[in-house]
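Worksheet: the structure to be examined is printed underneath.
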Amino acid sequence: MWPRLVASKILKKRLGNNNFVADFPNEANLLELTVPPLNLKSLNNDVKETPNFKVFVSTWNVGGVTPTEDFDMKELLDSGNACDIYVFGFQEVVPLRAASVLGTEKSKISTKWNSLIREALNKTETNERIKQIKEENNFRCIISKQMVGILISVWIRTNLQPFVQNPSVSCVGCGIMGCLGNKGSVSVRFQLQETSFCFVCSHLASGGKEGDERYRNSNAAEILSRTIFPKGPSNDLPRKILDHE
C-alpha cells in the first residue's frame, strides 16, 4: 500500500496537481474579483496618481501545534500601524508525519487559522478606526492555500477588493525524494490595480550542521525555477516569482 501511495503522491507533485487551485476562495469567488483596474487620475486627466498602500507580512513556524479556540492572534499584528494588505505565512500547521505528508491536506486546520485571522483583523481595525465606515474596516481573504504544513493566507481591506485581479497559487514540493510537500513553498500572486504582487511562503531543509545550508540554498533555487503561474486571460501576466513587481 505505501509504495502505491508514495508513487501516486510523487507523480501528482511532479505534474503540478492542484498547482493553480486555491483552497479559498472557491472558483466562483475568484471570478468575482476579475474586474477592470482602477486608474486614479488627477484633475487635468493627464497624469495618473500613485496610491500608497501599507502591507503587513509575517511568517511563523507553529511547530505542529493546533491553535485553541480562545487563541488570540492580535499580538502578532502591529496594531498601532494599520495596514491595507495582510499576508500570513505559516509552517508546520500539521505535524510532519508520514500520514500528513502522503495524505490529503487537512482543510480543517487552514479553516481554523483563517477564522482566527478574520477575528483578529476585523476586531483590531474596528477598534482603532471606529470613525470610518464599518464596511471599509473589514478585511476579506482574497486567497489562501495549504500544502502539507505550509499555509499562506492573504487578506485585503474590503474597499480595495474590487481592484484585485487574477489571484492564483503555485506549489513546489522539495521534501522527501525531492518533490513531496513536507518542504518547499506555496506562492501566491495577484494584481492590485496595475501592480503585480507575489508572496512566497517557504519551509526549507532543516539542520544546523556545517553544509546543511547547501540544502536550503538548493531548495530556494528549486522554488525559484519551478514556481510558475498561469499566463492570465490575455497571456500577459508574469509567470515566475522574480517577474512580478
Q: Name the single residue, out of those in the stretch 65-77 being of a type outside the set (D, E, K, R) and surrounded by fewer than 13 Cβ atoms within 10 Å (Cβ to Cβ), that is modelled with the lowest pLDDT.
A: Thr68
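Keeping to the stretch 210-239, report how many residues are of a type in the set (Asp, Glu) and not in a loop (DSSP other than H, G, I, E, B).
Residues of the stretch 210-239 that are of a type in the set (Asp, Glu), as a first pass: 210, 212-213, 222, 236.
Cutting the leftovers down to not in a loop (DSSP other than H, G, I, E, B) gives us 212-213, 222.
Number satisfying all stated conditions: 3.
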Q.
Can you pull out every residue in the stretch 78-108 that is touching a strand residue (DSSP E or B) at 6+ places or on another chain (Cβ under 7 Å), part of a loop (DSSP other than H, G, I, E, B) and either hydroxyl-bearing (Ser, Thr, Tyr) or modelled with pLDDT of 75 or more (or both)?
A. Cys83, Asp84, Glu92, Val93
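Of all residues in the stretch 161-178, which are outside any strand (DSSP E or B) and within 18 Å of Phe90 (Cα to Cα)?
Correct list: Cys174, Gly175.
Criterion first (under 28 Å from Val62 (Cα atoms) and under 20 Å from the mean Cα position of the chain (by Cα)) does Leu237 satisfy it?
Values: under 28 Å from Val62 (Cα atoms): no; under 20 Å from the mean Cα position of the chain (by Cα): yes.
It is false that Leu237 is under 28 Å from Val62 (Cα atoms) and under 20 Å from the mean Cα position of the chain (by Cα).
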(Q) Looking at the stretch 144-160 only, could you name the residues that are touching a helix residue (DSSP H, G or I) at 6+ places or on another chain (Cβ under 7 Å), over 17 Å from Lys112 (Cβ atoms) and not basic (Lys, Arg)? (A) Thr158, Asn159
Q | Among the candidates Gly181, Gly207, residue that is crowded, with 17+ Cβ neighbours inside 10 Å and outside any strand (DSSP E or B) | A | Gly181
Q: Go through the stretch 50-77 residue by residue and tally those that are assigned to a loop (DSSP other than H, G, I, E, B), touching a residue at least 24 places away in the same chain (Cβ under 8 Å) and of a type in the set (Ser, Thr, Tyr).
A: 1
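The values are calculated or read from the model by the stated rules, or taken from the named source; none is laboratory data. Please read these numbers as outputs of a predicted model, since none were measured by experiment. Note: ideal-geometry Cβ built from the backbone for every residue, glycine included; neighbour counts use all protein chains shown.
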